[in-house]
Structure formats: C-alpha cells, structure tokens
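Have a look at the structure below before the remarks.
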C-alpha cells in the first residue's frame, strides 16, 4: 500500500504537468467558429478532433493529423432521408465492418470492406422504417457507434 501511495504521489503531478504543457490557457477561444469539415487530428490530450481549428480553439499546443484511436468515422446528414454518406478511417489498414441496426437490434444493413485505411461510401435507407438506429463500424483493433435518426416522411 505504501508503494502505491508513493507511486501515485510521484506520477500524478507528472501527468498533470504534461497536460498543462499540452494546453495553453491563454490560447483558448470559447465559441470561436471552425469550419465543420472532417479532417481529423489527434490532439495532445489523446482525443480525436474534427479538424485542427478545434484543437487550436481549445488551446492545444500540439497535435498530429489523423485519428488517435484505431477507427473513427463521420457521417451526414442526420436525420437521414435517402442516403447516409460515411467517411471512415482506420489507423492501420484492415477490414472495415459496417452495421446499421435499429434500437431493438434488428440488422438493416451489414457489409465489410477489406484492406482499407480510408473509405467513403453510402448506405441507402429508402424503405427503412422511421426511428432511431445505431451505425456500428468496427475493425480488428476497435469500434465506433453513432446514432442515426430516420424521420417520418
């Protein structure tokens, strides 16, 4: 127990100072506009942001272009009327698995795309009943889930 307390006493201040070096509070710009384009960057805090403008407005001093996690994606529009446009990125080339399921777990769309690092595609939702859906994308190293709404027509 003493070793754990000593370890936490020595490591926690280092972690906090590393985060403090990552963000410069004088550079934070609350409410500043950023173009909504999806060109993801990995912030020095280990989180993926929509583009470099978002990291700058949060006062981050460093970031890298690309995603932090194994997989990330963006889609539009939401709510969806005809097609879902999806832009998916895998950090390491591999197979991308895609599912669109309703809130009861019924699968309405399932596909896989082998050997990709970035893949843009559409899913037609014509004929799908209105409601809340989950868009599940996964690969060997990770997964992401986002909510999709198909409204009454």
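Computed from the coordinates by the stated procedures, all read-outs in this text should not be read as laboratory data. This is a predicted model, so every value here is computed, not measured. Using ideal geometry, Cβ is built from the backbone for each residue, glycine included, and neighbour counts are taken over all protein chains shown.
Brief remarks on what is shown
- Most mobile of 56, 118, 37 in a GNM of the chain (Cα contacts under 10 Å): 37
- Degrees, to the nearest 10: 2-22 long Cα axis against longest axis of the chain: 70 degrees
- Contact order relative to length of the chain, as percent, for alpha carbon pairs under 8 angstrom and 6 or more apart: 18 percent
- Largest GNM mean-square fluctuation across 143, 108, 97, computed for the chain with C-alpha springs under 10 Å, falls on 108.
- Extending 7 Å from the Cα toward the beta-carbon at both residue 47 and residue 21 defines two label points whose distance is 2.1 nm.
- With contributions of -39500 (n - 2.57) from each DSSP H run of at least four residues, the per-residue ellipticity at 222 nm computed over the chain stands at -5500 deg cm²/dmol.
- The distance between label points at residue 92 and residue 149 comes to 3.8 nm (points 7 Å beyond Cα on the Cα→Cβ vector).
- Gaussian network model of the chain, springs between alpha carbon atoms under 10 Å - residue of 55, 95, 26 with greatest fluctuation: 26
- Cα gyration tensor shape for region 71-150, rounded if a/c is under 1.5, else prolate or oblate: prolate
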